[in-house]
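Participant: Structure incoming, see below.
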Amino acid sequence: MSADAESGAKPTRRPGHRRLLAFAPLIAFVALAAIFFSQLISGRDASVIPSALVGTAAPALDLQPLVGLMHAGQPVPALTDAAVRDRVTLVNIWASWCVPCRQEHPLLMALARDERINVVGINYKDERPHALRFLGELGNPYSAVGIDPNGIAAIDWGVYGIPETYLLDRDGTIVFKQIGPFSPDTIRNDLMPEIEKLLAAPAGSS
């Protein structure tokens, strides 16, 4: 037994340990700053966030329609697997109460005018009259819309917050995910190159 133990005295901490503890917050700050700086100089958009679902099959779709939504005198169909099968598809998750959804909506309208791209929507935790009014005012870019009143489908898709958009290849595999609203830059630099690659690939090769 040591003299310290026999005398009941507490062992003293080494000065080096105290200095290390004193500098711990500074070390943590420098590490975080380095991460943020590396993202800044990388030129990547912070809204383009990797997803565990990218490269995997999209969750099954079997959502109820947004009743009352019409296009060319016909009801817009529900969002099911059949609505995205064999087509390059954008699945956009939106709501009438979502301000960024309103901001990106003209860009979705423009994308929907490209007949090579199938744009569909999941209406997230919304009220039907509000959702219909939103699309009535701003236009409907969606070939099919499914409602997700309780957010259950959004959980399956790994949604962080809306709007979010997923690009599917013809086989229903998720190849790209956009968190937050699109901007002209993210569409030009991030989304369209992915779409062009999918459109150039022979059917069944993706």
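Participant: Starting from 0 in steps of 10 Å, tell me what percent of the Cα-Cα pairs of segment 47-120 lands in each bin.
Facilitator: 15, 42, 39, 4
Participant: Quick query: amide H of residue 79 versus all other amide H atoms, modeled in the peptide plane; which residues come in under 5 Å with a sequence gap of 5 or more or a different chain?
Facilitator: Long-range HN contacts for residue 79: 63, 145, 146, 147.
Participant: Long-range amide H contacts for residue 119: which residues qualify at under 5 Å (H placed 1.01 Å from N, peptide plane, sequence gap of 5 or more or a different chain)?
Facilitator: 90, 143
Participant: Given segment 123-206, report the % of alpha carbon pairs whose separation exceeds 19 Å.
Facilitator: Tail of P(r) above 19 Å: 51 percent of Cα pairs.
Participant: Moving to a separate point now. If packing is taken as the mean number of other Cβ atoms within 10 Å per residue, what is the order of 69-79, 160-170, 133-143, highest first?
Facilitator: 160-170, 133-143, 69-79
Participant: Same structure, new question: In nm, give the distance between the simple-model label positions of residue 82 and residue 194, each being 7 Å from the Cα along the Cα-to-Cβ direction.
Facilitator: In this crude label model, residue 82 to residue 194 measures out at 2.8 nm.
Participant: Could you give me D for segment 70-200, from Stokes-Einstein at 4 °C and 1.567 mPa s, where the hydrodynamic radius is the Kirkwood radius over C-alpha pairs? Units µm² s⁻¹, please.
Facilitator: Here the translational diffusion coefficient equals 88 µm²/s.
Participant: Let me ask something else about it. For a quick check: with amide H placed at 1.01 Å from N, whose amide H comes under 5 Å from residue 126's, ignoring anything fewer than 5 positions away on the same chain?
Facilitator: 148
Laboratory data are not the source of any read-out in this text; all were calculated from the coordinates shown. Keep in mind that this is a model prediction, so the values were computed, not measured. Because the Cβ atoms are built from the backbone with ideal geometry, glycine has one as well, and the counts that use them run over all protein chains shown.
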